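The values are calculated or read from the model by the stated rules, or taken from the named source; none is laboratory data. Since the model is a prediction, treat every value here as computed from it, not as a measurement. Cβ sites come from the backbone with ideal geometry, for glycine too, and all protein chains shown count toward neighbours.
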Amino acid sequence: MSSAAECTAGAVSAEERFRYLLRLADTSLVLGQRLGEWVGHAPALEEDLALANIALDLFGQARLLLAYAGQVEGRGRDEDQLAFRRDAPEFFNVTLAEQPNGDFGQTIVRQALLDAWQVELYHSLIGSTDEQLANIAAKAMKECRYHWRFSCGWLVRLGDGTEESRARVQAALDGLWRFTGELLTPDALDAHMASHGIAPPLALIRSRWEARLAAALEEATLRQPPPAYFPWHGKRGVHSEHLGHLLTEMQHLQRLHPGATW
């Protein structure tokens, strides 16, 4: 990192940087776990493999981010300890990522909403003053483009498909839309990180996300729901009831056998 970047980034505390990295890492980790639930249950073999590969990409992103977060924290916790030895209030993923899969259409809608957001977020993070975060974002960006092509393609296929498929994805969109506010509304940490060039302003992400999603919804002949109030703040550690159940399954072996290695 250049000396100018170090000076700028130095104004951010280790705790703030750690918390922001966890927001990114936990979102990918939890979403990957959700997609992993589809393995062996997807509508067709091709989709089964695609969802599994996307889940693996997300786990890879989470691992890099958690490893970096552990370095920043400086308490000797590695990526496995951060993934498997924290309780729900210590997770900071956006609430949308933890929502249940539902049917295939609901999974696609949830994925498209998050993919459109991650594409724009990681594209902007490539220019972060935090060099290590920028490098992680550059790697993640290649994967996020593929994820968006997959979810957008299926969104259009289902939305502009049969009467039943369109009704199902429209219902999923109407039900999940309330969670999108958290993706795009900055809190104090978002604003602070943006002011030091570590993260992009969420106003910029919002405009690009809205444009990307609007084009996809138009092609899919789907109606964009109106803005809705959201009381969830997963990125502040306040989650829906679904995260605890997800973590119980994800962390079962590590909790049963603490410190076990392969």
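Worth pointing out:
- Of the helices (runs of 4 or more DSSP H) contained entirely in region 135-235, those carrying at least 2 residues that are out of contact with any Pro (no Cβ under 7 Å at 6 or more places or on another chain) and surrounded by fewer than 15 Cβ atoms within 10 Å (Cβ to Cβ) fall at 163-176, 188-195, 202-219.
- Selected residue (criterion: modelled with the lowest pLDDT) from residues of region 1-21 that are surrounded by 12 or more Cβ atoms within 10 Å (Cβ to Cβ) and charged (D, E, K, R): E6
- Any hit, region 216-230, residues being closer than 15 Å to Y20 by Cα and of a type outside the set (D, E): no
- Counting only helices (runs of 4 or more DSSP H) that sit wholly inside region 26-126, those with at least 2 residues that are in contact with an Asp or Glu (Cβ under 7 Å, 6 or more places away or on another chain) are 45-73.
- When region 236-262 is filtered for residues that are part of a loop (DSSP other than H, G, I, E, B) and either in contact with a Leu (Cβ under 8 Å, 6 or more places away or on another chain) or exposed (fewer than 12 other Cβ atoms within 10 Å of the Cβ) (or both), the ones remaining, listed by number, are E241, H257, P258, G259, A260, T261, W262.
- Given (1) over 15 Å from the mean Cα position of the chain (by Cα); (2) assigned to a helix (DSSP H, G or I), index of the condition T129 fails: (2)
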